[in-house]
1. Does Thr146 satisfy being open to solvent by less than 20 Å² (accessible area, probe 1.4 Å), hydroxyl-bearing (Ser, Thr, Tyr) and either touching a residue at least 12 places away in the same chain (Cβ under 8 Å) or within 15 Å of ligand 2 (Cβ to nearest atom) (or both)?
2. Which of the residues spanning the range 255-275 are surrounded by 11 or more Cβ atoms within 10 Å (Cβ to Cβ) and farther than 17 Å from Thr218 by Cα?
3. Report, by residue number, each residue of the range 255-294 that is hydrophobic (A, V, I, L, M, F, W, C) and closer than 26 Å to Ser244 by Cα.
4. Just wondering, is there one or more residues in the range 260-281 that are among the charged types (D, E, K, R), under 20 Å from Lys155 (Cβ atoms) and part of a loop (DSSP other than H, G, I, E, B)?
5. Step by step: first the residues of the range 26-45, then only those that are closer than 23 Å to Ala222 by Cβ and not aliphatic (A, V, I, L, M), then the one that is surrounded by the most Cβ atoms within 10 Å (Cβ to Cβ). Which residue is that?
6. Could you please find all residues in the range 83-103 being in contact (Cβ under 8 Å) with a residue 40 or more places away in the chain, β-branched (Val, Ile, Thr) and either surrounded by fewer than 13 Cβ atoms within 10 Å (Cβ to Cβ) or under 20 Å from His169 (Cα atoms) (or both)?
7. Quick one: how many residues across the range 248-259 are more than 18 Å from Pro158 (Cβ to Cβ) and part of a helix (DSSP H, G or I)?
8. Which of the residues that make up the range 159-179 are under 17 Å from the mean Cα position of the chain (by Cα) and either among the polar types (S, T, N, Q) or open to solvent by 20 Å² or more (accessible area, probe 1.4 Å) (or both)?
Amino acid sequence: MRLSIPEIELMSPGHVACQGCGGTLAFRYTLKALGKNTIVTIPACCWSVIDGPFPHSSTKIPLFHTAFETAASTASGIKAALEIKGKSDTAVLAWAGDGGTMDIGIQALSGAAERGDDIIYVCYDNEAYMNTGIQRSSSTPHGAWTTTTPVKKFKTGPKKNMVEIMAAHKIPYTATANIAFPEDLIVKLKKARSIKGPKYIQILSPCPVGWKFASHLTIKLAKLAFDTCMYPLYEVENSRYNISRRPMSKKPVEEYLRRQNRFRHLGKETVSQIQKTVDEEWDRLLKREETSNA
Ligand SMILES: Cc1ncc(C[n+]2csc(CCOP(=O)(O)OP(=O)(O)O)c2C)c(N)n1
Ligand code: SF4
Ligand SMILES: [Mg+2]
């Protein structure tokens with residue numbers, strides 16, 4: 001039998017994530033793609049809890065807990081030490097949340113990218129600081145409720161476009177992925193492992209607790225983010241854009257928004273504003289793909 005998802009399991013079932021945690025599935029697939037010869041650095045985030053209390057670990061590879069802002073620089077250091085020891089086939093993964101990536105860790109990540117360090121950086125994007133109680137991050141989308149952007153003062157302004165920020169560093173590989181499309185996610189992680197230099201992958205990882213939806217709907221939500229073009233699937237390889245998958249027919253963003261209570265307060269006007277922005281961004285991405293391959 002030929003499996004489209006590698007059989008190897010590098011995560012044990014005894015982790016302590018919430019039911020339906022998208023970030024946990026994202027890590028499980030990532031490890032399946034990268035394999036056992038991998039070392040991971042994890043800064044403060046849900047995943048520093050999910051792995052389990054010391055001395056227990058649900059992960060079957062070496063895992064370094066690091067300070068919040070240092071996932072990338074710790075990964076760079078580990079990679080440098082491995083190179084000195086002649087172990088250049090060991091993949092070094094920095095695994096961080098959106099807060100640890102787009103806010104506090106951006107300096108270390110930008111430095112590693114600019115130096116050309118041979119690491120794979122993955123941001124599992126749940127669009128807020130979940131581990132400390134659902135505070136807004138720069139990845140929180142326009143209109144969302146969080147505990148620091150309560151209903152009457154919901155988050156305004158666009159989500160930081162970290163994928164474009166990383167592509168602007170001219171690193172060899174940048175991509176988005178989504179747990180609703182595991183085969184695509186695994187292909188991208190395997191590709192990242194085969195490329196030398198800095199790689200950045202951002203995985204949409206729905207969080208039932210912070211987005212306020214029932215835990216059995218995680219994959220449905222992830223799929224709707226793709227179908228509405230709220231979270232397109234694409235790669236930027238050596239500055240060339242490639243939309244890895246397109247929705248059969250683009251669904252209205254309302255279908256995605258109304259299934260999450262973090263958006264429950266939104267009126268028609270804000271929903272149309274979000275639709276307009278999503279349409280503009282999607283058109284911009286289509287043009288980038290066209291012009292970068294011309
Ligand atoms: C320097 C520092 N500031 C603040 C914290 C508290 N803290 C720990 S985890 C966290 C939120 C992490 O959010 P994110 O990176 O998005 O990961 P998530 O919890 O959503 O998985 C914060 C603020 C810390 N550990 N260190
Ligand atoms: S709060 Fe969200 S991201 Fe954190 S473990 Fe629970 S479901 Fe996962
Ligand atoms: Mg987060």
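The values are calculated or read from the model by the stated rules, or taken from the named source; none is laboratory data. None of the values given here were measured: they were computed from a predicted structure. Please note: Cβ atoms are built from the backbone with ideal geometry, for glycine as well, and neighbour counts cover all protein chains shown. In case anyone asks, the SASA skips ligands and DNA or RNA and just uses the protein heavy atoms, side chains included. Shrake-Rupley method; radii C 1.70, N 1.55, O 1.52, S 1.80 Å.
1. yes
2. Correct list: Arg264, His265, Leu266, Thr270, Val271, Ser272, Gln273, Ile274, Gln275.
3. Here is the first cut: in the range 255-294, the residues hydrophobic (A, V, I, L, M, F, W, C) are 257, 263, 266, 271, 274, 278, 282, 285-286, 294.
Hits for the range 255-294 are Leu257, Ile274, Val278, Trp282, Leu285, Leu286, Ala294.
4. So far as the range 260-281 goes, yes, one or more of its residues are among the charged types (D, E, K, R), under 20 Å from Lys155 (Cβ atoms) and part of a loop (DSSP other than H, G, I, E, B).
5. Going through the qualifying residues, I end up with Phe27.
6. Keep residues of the range 83-103 that are in contact (Cβ under 8 Å) with a residue 40 or more places away in the chain, which gives 89-102.
Restricting the remaining residues to those that are β-branched (Val, Ile, Thr) gives 90, 92, 101.
Those that are in contact (Cβ under 8 Å) with a residue 40 or more places away in the chain, β-branched (Val, Ile, Thr) and either surrounded by fewer than 13 Cβ atoms within 10 Å (Cβ to Cβ) or under 20 Å from His169 (Cα atoms) (or both): Val92, Thr101.
7. Qualifying residue count for the region: 2.
8. Answer for the range 159-179, where residues must be under 17 Å from the mean Cα position of the chain (by Cα) and either among the polar types (S, T, N, Q) or open to solvent by 20 Å² or more (accessible area, probe 1.4 Å) (or both): Lys159, Lys160, Asn161, Glu164, Ile165, Thr174, Thr176, Asn178.
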